[in-house]
Amino acid sequence: MNPIQDIQFRLDEAFSGIRFPSDPTDLYDPIVYTLALGGKRMRPLLVLASCQMFGGEINDAINPAIGIELFHNFTLLHDDIMDAAPLRRGKETVYKKWNSNVAILAGDTMFALANKYMLRTRPQAISQVVELFNQTAIEVCEGQQYDMDYEKRVDVSITDYIEMIRLKTAVLLAASLKTGAIIADAEPSDCEHIYNFGINIGLAFQLKDDLLDVYGDQVKFGKVSGGDIIAGKKTYLYLKALESAGPQSDYFQQLYTSNNHNNTEKVIKVRDIFNQLNIEQHTRKQIDDYYQRALHNLSSISLPVEAMESLRDYTAGLMERER
């Protein structure tokens, strides 16, 4: 079993051991339901991988790792209400299965539980870990607000979008890695390097999601592509195309934001414009740029190369995924 597989096993064991009160049922059943939906559990894995990499004791990081996963799932639960999303990981979202009030209260409870789990680590690390966690929670909320604001704005720039996904997605990955480093008592400079590594990996990860929504292998993975196009979501691909469209920009913007087209027809037309403007290639280059910055951050850490191999290989897999 390689180190990442060992960490995944430890996480599965830890999550299977969580017990919530049975009453009130409409408060705790949605939390159990949400955690049972699974997912990659990438963020708690990064907490443990970072702690292990810096020579820390994984048992000191298990509870904060659970806390970060509880927080992440809390944000998804509330996002689903704001986005009116009926499904999450192929299952009914909590607000659909129960109702919005239940979902809000269950999410609030998950946030409180997350804070409790963040406190269960080495006493010397608690202050830094909790400060980082709460600052990250504020930034994730800022990112979500920007995301909602951008739905109504027509003047969103690529710079605006990158800052929004930094806050909404990247800071939690970065905080996961830095939490593990803090618990392992890593040098402050190394804590910053691993945090910046997480920021750049997070940006690359989100841009890859944007790309796969349009260019993912629909036949192989059975997932209908173009959901962002159908929703008129202002992704990196859209903003880059709008920037590059020249005389076509008004037509392209009208097409992309319109609800008057058949969904399949709209996706085909937008993808044709993306292809004409080489948007896939532009996006892949941007993803690689952030990934190379992340590797530079990793190489700046004062550890032997072999100590960082597992984390490097794991994140390389995230960049290579095609779904």
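Output the number of residues of the range 94-114 satisfying the condition of being closer than 14 Å to residue 79 by Cα and hydroxyl-bearing (Ser, Thr, Tyr).
Final tally of qualifying residues: 2.
When the residues of the range 186-209 are filtered to those that are under 17 Å from residue 167 (Cα atoms) and aliphatic (A, V, I, L, M), which remaining residue is surrounded by the fewest Cβ atoms within 10 Å (Cβ to Cβ)? Spell out the reasoning first.
Filtering the range 186-209 for residues under 17 Å from residue 167 (Cα atoms) gives 192, 194-209.
From what is left, the residues that are aliphatic (A, V, I, L, M) are 194, 199, 201, 203-204, 207.
Values: 194: 29, 199: 21, 201: 28, 203: 25, 204: 23, 207: 25.
Ranking the candidates gives 199 first.
Quick one: residue 74 ticks every box in (1) in contact with a Pro (Cβ under 8 Å, 6 or more places away or on another chain); (2) crowded, with 19+ Cβ neighbours inside 10 Å except a single one, so which number is it?
That leaves (1) as the condition not met.
What is the one condition in (1) within 27 Å of the chain's Cα centre (by Cα); (2) surrounded by 19 or more Cβ atoms within 10 Å (Cβ to Cβ); (3) part of a helix (DSSP H, G or I) that residue 234 does not satisfy?
Single failed check for residue 234: (3).
Determine whether residue 317 is on the phi < 0 side of the Ramachandran plot and free of Cβ contacts under 8 Å to residues at least 40 places away in the same chain.
Details: on the phi < 0 side of the Ramachandran plot: yes; free of Cβ contacts under 8 Å to residues at least 40 places away in the same chain: yes.
So residue 317 passes the test.
Taking residue 156, is it part of a loop (DSSP other than H, G, I, E, B), surrounded by 16 or more Cβ atoms within 10 Å (Cβ to Cβ) and modelled with pLDDT of 95 or more?
Working: part of a loop (DSSP other than H, G, I, E, B): yes; surrounded by 16 or more Cβ atoms within 10 Å (Cβ to Cβ): yes; modelled with pLDDT of 95 or more: yes.
So residue 156 fits the description; yes.
I'd like to know if the range 181-198 contains one or more residues that are closer than 30 Å to residue 270 by Cβ, touching a residue at least 40 places away in the same chain (Cβ under 8 Å) and either part of a helix (DSSP H, G or I) or not hydrophobic (A, V, I, L, M, F, W, C) (or both).
Let us first name the residues in the range 181-198 that are closer than 30 Å to residue 270 by Cβ, namely none.
No: the range 181-198 contains no residue that is closer than 30 Å to residue 270 by Cβ, touching a residue at least 40 places away in the same chain (Cβ under 8 Å) and either part of a helix (DSSP H, G or I) or not hydrophobic (A, V, I, L, M, F, W, C) (or both).
Which of the residues belonging to the range 1-20 are in contact with a helix residue (DSSP H, G or I) (Cβ under 6 Å, 6 or more places away or on another chain) and either among the aliphatic types (A, V, I, L, M) or at pLDDT 95 or above (or both)? Walk me through it before giving the result.
Restricting attention to the range 1-20, the residues satisfying the condition of being in contact with a helix residue (DSSP H, G or I) (Cβ under 6 Å, 6 or more places away or on another chain) are 3-4, 7, 11, 14, 20.
Once the filter is applied, which keeps residues that are in contact with a helix residue (DSSP H, G or I) (Cβ under 6 Å, 6 or more places away or on another chain) and either among the aliphatic types (A, V, I, L, M) or at pLDDT 95 or above (or both), the range 1-20 yields 4, 7, 11, 14, 20.
Any idea which of (1) in contact with an Asp or Glu (Cβ under 8 Å, 6 or more places away or on another chain); (2) modelled with pLDDT under 95 is the one residue 234 doesn't satisfy?
All conditions are met except number (2).
Return the pairs, sorted by first residue and then second, in which the second residue is in a strand (DSSP E or B), the first residue lies in the range 72-101 and is in the same structural domain as residue 47 (by TED's automatic domain parsing), the beta carbons are less than 6 Å apart, and the residues are 6+ apart or on different chains.
80/88
The values are calculated or read from the model by the stated rules, or taken from the named source; none is laboratory data. Just so it is clear, the model here is predicted, and its values are computed rather than measured. With ideal geometry, Cβ positions are generated from the backbone for all residues, glycine too; neighbour counts draw on all protein chains shown.
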